[in-house]
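**Student:** Please find one structure pasted underneath; my questions will follow.
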Amino acid sequence: MSARSPATPRRSGRGEAPDSSSTQQAHGLADGEIAARLLAWFDRHGRVDLPWQHPRTPYRVWLSEIMLQQTQVSVVSGYFERFVSALPDLPALARASQDEVLALWSGLGYYARARNLHATAKLCVERHGGDLPRDLDALIALPGIGRSTAGAILTQAWNDRAPILDGNVKRVLCRLFGIDGWPGTPAVEKQLWSIAASLLPDARLADWTQAQMDFGATLCTRASPACAICPLQDACVARREGRIAELPAAKPGKPLPQRETRMLIVEDPAGRVLLWRRPPTGVWASLWSLPQHESSDEAQAWFQRHLDGDFASARALPALDHGFTHFRLRIHPRLIAVSGPRAAIGDNADLRWASRAELATIGLPAPVRKLLQEQTE
DNA sequence: AAGGCGGGGAT
DNA sequence: ATCCCAGCCTT
């Protein structure tokens with residue numbers, strides 16, 4: 001095996017990222033605490049029965065990592081089993097014809113991955129005695145292996161210490177540290193790499209890599225993260241600032257017109273919610289909805305005109321996106337409790353209180369219903 | 001810095 | 001329909 005010294009922790013604690021110190025402090029946890037919590041979570045909820053984990057050899061780790069580039073676990077599993085049955089080790093892959101390799105890959109997409117896989121197997125036979133090199137730069141020098149895949153191989157195959165930065169890690173770090181900007185830009189990516197390096201624990205590196213991916217894939221998911229049961233909820237900047245829906249920032253594209261609005265969830269002591277009837281024209285015409293305003297100032301003025309309570313006590317909830325055919329609407333909801341209704345509301349045909357049970361029978365816009373349901377949970 | 005590469009899952 | 005996925009390589 002060509003190689004370098006195994007698994008000696010280079011340094012403990014602080015990362016190698018002078019330019020990201022400000023964001024690294026934002027989460028408010030001590031060094032090592034994030035990894036400790038995620039590893040504890042992994043011990044209870046991590047995925048431990050994936051096909052490439054039994055047995056976990058360098059060849060199987062490498063093959064799985066290549067197949068998993070831009071491809072979900074549920075899709076890869078079947079292909080992986082078929083592939084390793086036909087070509088059970090690296091020399092067998094090196095000996096195979098390109099046609100056979102491509103046939104085993106057929107349907108997986110991104111066929112350059114298969115050609116590079118085959119080329120790398122041959123190179124490993126030539127250069128590295130038929131094994132994958134246990135060295136970051138030597139791995140990256142092989143076709144189809146970038147920095148993240150190299151890190152995943154080193155950690156999973158040998159428990160060596162190296163960071164990864166896949167889609168899961170990017171999403172988790174952007175939320176946890178409140179990082180703005182599309183993660184695809186070099187500047188953001190550089191910052192994420194430095195944070196990923198700074199979070200590395202000193203042991204259990206294979207578990208650490210798997211823990212991050214499992215956490216991103218099953219808990220801190222793109223569309224509906226399970227923040228309520230997240231082991232990092234108290235430290236998450238996006239959670240604290242109500243920006244879960246906004247982070248990570250989406251790839252800039254041909255933008256549909258984007259509109260923003262604010263909605264108030266006003267709750268009385270009995271748990272009833274204040275509804276507002278929308279005008280008879282325009283979107284959601286005549287549907288019952290939530291009090292809605294263009295700006296925070298407008299919302300505050302409306303609140304003070306209609307209700308008794310402290311507007312400053314309103315809590316920002318995560319923004320909610322809703323798509324129409326011709327524009328995209330981002331709703332910024334706020335939750336506020338009031339001591340009781342003012343008499344005037346009873347006389348207002350466009351305002352009413354509704355209990356949670358009544359809501360099921362009232363025509364509400366889909367995002368509003370979703371919002372109120374989530375709020376109840 | 002941007003585009004190409006594929007097919008499928010989730011919403 | 002749209003976005004994204006255990007990214008990497010070329011231009």
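The values are calculated or read from the model by the stated rules, or taken from the named source; none is laboratory data. Here the structure is a predicted model, which is why all the values come from computation and not from measurement. Here Cβ is always computed from backbone atoms with ideal geometry, including for glycine, and neighbour counts include all displayed protein chains. When the accessible area is computed, the model is the full protein with side chains, heavy atoms only, and any ligands, DNA or RNA have been set aside. Shrake-Rupley method; radii C 1.70, N 1.55, O 1.52, S 1.80 Å.
**Student:** Please pick out the residue among A:ARG82, A:ARG47, A:ARG95 that is open to solvent by 20 Å² or more (accessible area, probe 1.4 Å) and more than 16 Å from DNA strand B (Cβ to nearest atom). Working first, answer last.
**Tutor:** Values: A:ARG82 fails: more than 16 Å from DNA strand B (Cβ to nearest atom); A:ARG47 fails: more than 16 Å from DNA strand B (Cβ to nearest atom).
Answer to the selection: A:ARG95.
Here is a yes/no grid of residues against (1) more than 14 Å from DNA strand C (Cβ to nearest atom); (2) in contact with a helix residue (DSSP H, G or I) (Cβ under 6 Å, 6 or more places away or on another chain); (3) more than 16 Å from A:PHE42 (Cβ to Cβ):
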{"position": "A:ALA197", "(1), (2), (3)": "yes, no, yes"}
{"position": "A:ALA203", "(1), (2), (3)": "yes, no, no"}
{"position": "A:THR209", "(1), (2), (3)": "no, yes, no"}
{"position": "A:THR218", "(1), (2), (3)": "no, no, no"}
{"position": "A:SER224", "(1), (2), (3)": "no, no, yes"}
{"position": "A:CYS236", "(1), (2), (3)": "yes, yes, yes"}
{"position": "A:LEU247", "(1), (2), (3)": "no, yes, yes"}
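**Student:** Can you say whether A:ALA162 is at pLDDT 95 or above and in contact with a Leu (Cβ under 6 Å, 6 or more places away or on another chain), as far as the supplied structure shows?
**Tutor:** Numbers: at pLDDT 95 or above: yes; in contact with a Leu (Cβ under 6 Å, 6 or more places away or on another chain): yes.
So A:ALA162 passes the test.
**Student:** Also, quick follow-up: Looking at region A:89-116 only, could you name the residues that are outside any loop (DSSP other than H, G, I, E, B) and small (Gly, Ala, Ser)?
**Tutor:** A:ALA92, A:ALA94, A:ALA103, A:ALA112, A:ALA114
**Student:** Any residue that is within 20 Å of A:ARG37 (Cα to Cα) and within 16 Å of DNA strand B (Cβ to nearest atom) - is there at least one of those in region A:171-178? Reasoning before the result, please.
**Tutor:** Here is the first cut: in region A:171-178, the residues within 20 Å of A:ARG37 (Cα to Cα) are A:171-178.
Pick out the ones that are also within 16 Å of DNA strand B (Cβ to nearest atom) and you get A:171.
Within region A:171-178, one or more residues are within 20 Å of A:ARG37 (Cα to Cα) and within 16 Å of DNA strand B (Cβ to nearest atom).
**Student:** Give region A:155-195 a look and list any residue that's among the polar types (S, T, N, Q), away from DNA strand C (no atom under 12 Å from the Cβ) and either outside any helix (DSSP H, G or I) or open to solvent by 20 Å² or more (accessible area, probe 1.4 Å) (or both), or say none. Before the answer, list the steps.
**Tutor:** If we filter region A:155-195 for residues that are among the polar types (S, T, N, Q), which is where we start, we get A:155-156, A:159, A:168, A:185, A:191, A:194.
Now narrow it down to the ones that are away from DNA strand C (no atom under 12 Å from the Cβ): A:159, A:185, A:191, A:194.
Matches in region A:155-195: A:ASN159, A:THR185, A:GLN191.
**Student:** Out of A:ALA152, A:ALA119, A:ALA138, I need the residue that is crowded, with 21+ Cβ neighbours inside 10 Å, assigned by TED's automatic domain parsing to the domain that holds A:ARG47, in a helix (DSSP H, G or I) and touching a residue at least 12 places away in the same chain (Cβ under 8 Å). Which one? So that I can check it myself, show each step before the final result.
**Tutor:** Numbers: A:ALA119 fails: crowded, with 21+ Cβ neighbours inside 10 Å; A:ALA138 fails: crowded, with 21+ Cβ neighbours inside 10 Å.
Result: A:ALA152 is the single residue among A:ALA152, A:ALA119, A:ALA138 that is crowded, with 21+ Cβ neighbours inside 10 Å, assigned by TED's automatic domain parsing to the domain that holds A:ARG47, in a helix (DSSP H, G or I) and touching a residue at least 12 places away in the same chain (Cβ under 8 Å).
**Student:** Here is a further query. Which residue out of A:ALA349, A:ALA357, A:ALA316 is small (Gly, Ala, Ser) and modelled with pLDDT of 85 or more? Steps first, please.
**Tutor:** Details: A:ALA349 fails: modelled with pLDDT of 85 or more; A:ALA357 fails: modelled with pLDDT of 85 or more.
Unique residue meeting the criteria: A:ALA316.
**Student:** Scan region A:231-255 for residues that are within 16 Å of DNA strand B (Cβ to nearest atom) and surrounded by fewer than 22 Cβ atoms within 10 Å (Cβ to Cβ) and jot them down.
**Tutor:** First, pick out the residues of region A:231-255 that are within 16 Å of DNA strand B (Cβ to nearest atom): A:244-246, A:248-255.
A:ILE244, A:ALA245, A:GLU246, A:ALA249, A:ALA250, A:LYS251, A:PRO252, A:GLY253, A:LYS254, A:PRO255, listed by residue number.
**Student:** Right, next: What are the pairs with Cβ atoms under 6 angstrom where one residue, in region A:48-74, is touching a residue at least 12 places away in the same chain (Cβ under 8 Å) and the other, located anywhere, is exposed (fewer than 15 other Cβ atoms within 10 Å of the Cβ) and assigned to a helix (DSSP H, G or I)? Sequence gap at least six, or different chains.
**Tutor:** A:PRO51/A:GLU81
**Student:** Checking A:ILE244 against (1) under 30 Å from A:TRP158 (Cα atoms); (2) modelled with pLDDT under 95: exactly one of these is not met. Which one?
**Tutor:** If we test A:ILE244 against (1) under 30 Å from A:TRP158 (Cα atoms); (2) modelled with pLDDT under 95, just (1) comes out false.
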